[in-house]
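Undergrad: Attaching a single structure in structure tokens format; questions to follow.
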Amino acid sequence: MKFLVVDDSLTMRRIIKNSLQKLGFADVSEASNGLEALEEIGKGGINIVLTDWNMPEMDGMTFVTKLRQQDAQIPILMITTNAAKEDVLEAFKAGISDYIIKPFTPEVLKEKIEGVLKG
Ligand SMILES: [Mg+2]
């Protein structure tokens, strides 16, 4: 199970990566924006994507929209501080599988990952 963590904050990528490792997911690639993420996914082998919303170069919404045009199946979790209802709805419309509000606990991360992997 290979994860791709997409966030412009190195600190946040570390936090997410550490949480994943604690949950037993050791295979994690990183990208700092949507453009890098699409490039990384293009190399193949990514099974699940955890992405931030606010990022330079290409933000999370644009990234999710583009990714969904080429892959209808891959689970996408958005992890962001944008908790407004209309933002969440917009993200689901763009094609995310589920949504996590920062800050999050490892338990919430685990639940959400299990949820999207079940489909
Ligand atoms: Mg950000």
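Just so you know, all these numbers are worked out from the coordinates, no wet-lab data involved. Computed from a predicted structure; not experimentally measured. Quick reminder, even Gly has a Cβ in these numbers, built from the backbone with ideal geometry, and neighbours come from all protein chains shown.
Undergrad: How big is Rg to Rh over the chain, alpha-carbon atoms, Rh as the Kirkwood inverse-mean-distance radius?
TA: Values: Rg = 12.7 Å, Rh = 13.9 Å.
Here the Rg-to-Rh quotient is 0.91.
Undergrad: Quick check: pseudo-label points 7 Å beyond the Cα along Cα→Cβ at Val108 and Lys2, how many nm apart are they?
TA: 2.9 nm
Undergrad: Could you sort the peptides 24-34, 59-69 by per-residue average Cβ neighbour count (10 Å cutoff), highest mean leading? Before the final figure, lay out each step's value.
TA: On the way: 24-34: 17.2, 59-69: 19.4.
My ranking of the peptides, most packed first, is 59-69, 24-34.
Undergrad: For each of Ile101, Ile41, Ile74, Ile16, count neighbouring Cβ atoms within 10 Å of the residue's Cβ, then give the residues from fewest to most.
TA: Working: Ile101 13, Ile41 21, Ile74 17, Ile16 25.
Least to most surrounded, the residues fall as Ile101, Ile74, Ile41, Ile16.
Undergrad: Another question, then. How high is the FRET efficiency from Gln21 to Thr65, r the C-beta distance, R0 35 Å, rounded to 0.05? List each step's numbers first, then the result.
TA: Details: r = 30 Å, r/R0 = 0.85.
Step by step, r from the Cβ atoms, then E = 0.75.
Undergrad: Something else: Across the chain, how many lysine pairs, 8 or more positions apart or on different chains, have C-alpha atoms separated by under 19 Å? Please give the number.
TA: Taking the chain as the scope, the lysine pair count is 21.
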